[in-house]
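To start, the structure under review is shown below, and the notes come after it.
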Amino acid sequence: QVQYVESGGDLVQPGGSLRLSCAVSGSIFSIYGMGWFRQAPGKQREWVGGIFSGGQAYYADSVKGRFTISASNVKNPVYLQMNSLRPEDTAVYYCNRFQRSSGAYYGLDSWGQGTQGTVSS
């Protein structure tokens, strides 16, 4: 069973930066891609971006140019560097393997606890 532990969330001012980490444990027999998702209060969980084993990374339009996903390998650990943060980036951030279907992105495994990132002055 795959488990995810996210960390690094904090309270920062608008324009600030955060670096989130995702530690993965358990057996992963197949690798799609490792992604980051977030869920803001009162909203559905949304895909932020993901990275594949070849190092290619893709991002949601809302974070493109501000967020960067990196990994020493595609499994462990996976980082999310968030720059130029905005209040609307406030959310609980999760990592998960993901796949894309019918234009939407889905997590493949059970969700971890997530890490809270809050952007506020």
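The values are calculated or read from the model by the stated rules, or taken from the named source; none is laboratory data. Being a predicted model, the structure only gives us computed values, none of them experimental. When the accessible area is computed, the model is the full protein with side chains, heavy atoms only, and any ligands, DNA or RNA have been set aside. Shrake-Rupley method; radii C 1.70, N 1.55, O 1.52, S 1.80 Å.
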Taking a probe of 1.4 Å, how large is the accessible area per residue of segment 77-118, in Å²? 48
Given a 1.4 angstrom probe, I'd like the percentage of the accessible area of the chain that is carbon and sulfur, rounded to a whole number. 44
Judged on accessible area alone, 1.4 Å probe, highest first, 58, 79 line up as 58, 79
Rounded accessible area per residue of segment 15-72, 1.4 Å, Å²: 53
